[in-house]
């Protein structure tokens, strides 16, 4: 995956989680990875961003825009069973030093710095391939979620019915 040129906002700018997601989605789109936000997982968690590339590899990004939120997150390892690659998504200026600590598995987890315009991979995530059956389930879930959301945008009344997923 190619990184973006460094055109990030300066560290004094306020960047929301939505801004970080937008920047990462732009980076991923350039690399043929298509994402959905707030993707529900079978374990009851929700991935901030979950995407799939042309080879069917699944990537999850957990977005943190505040140091306290980053340090207080004990649930993030629950995402690792649902992806081939895991990244932290953070805004420019956020102290990323905790992500270098053993508790955050820096040998496995990547880091992306993003604002509302673009993103840059500052540490690549390692590949830990899902089992084929798990990958199939995840890609199908992503596809169904994306299609449902798309249908609801086009015809909101269509989504008034109570349906799972």
So which pairs qualify, if the first residue must be in segment 93-119 and on the phi > 0 side of the Ramachandran plot, the second must be part of a loop (DSSP other than H, G, I, E, B) and surrounded by fewer than 18 Cβ atoms within 10 Å (Cβ to Cβ), the Cβ gap must be under 6 Å, and the two must be at least 6 apart or on different chains? 93/11
Of the listed residues (62, 38), the one being at pLDDT 95 or above, in contact with a strand residue (DSSP E or B) (Cβ under 6 Å, 6 or more places away or on another chain) and on the phi > 0 side of the Ramachandran plot is 38
Quick count over segment 28-67, residues being surrounded by fewer than 19 Cβ atoms within 10 Å (Cβ to Cβ), touching a residue at least 24 places away in the same chain (Cβ under 8 Å) and assigned to a helix (DSSP H, G or I), is 2
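The values are calculated or read from the model by the stated rules, or taken from the named source; none is laboratory data. Here the structure is a predicted model, which means the values were calculated and not measured. All Cβ positions, even for glycine, are placed from backbone atoms using ideal geometry, and neighbour counts span all protein chains on display.
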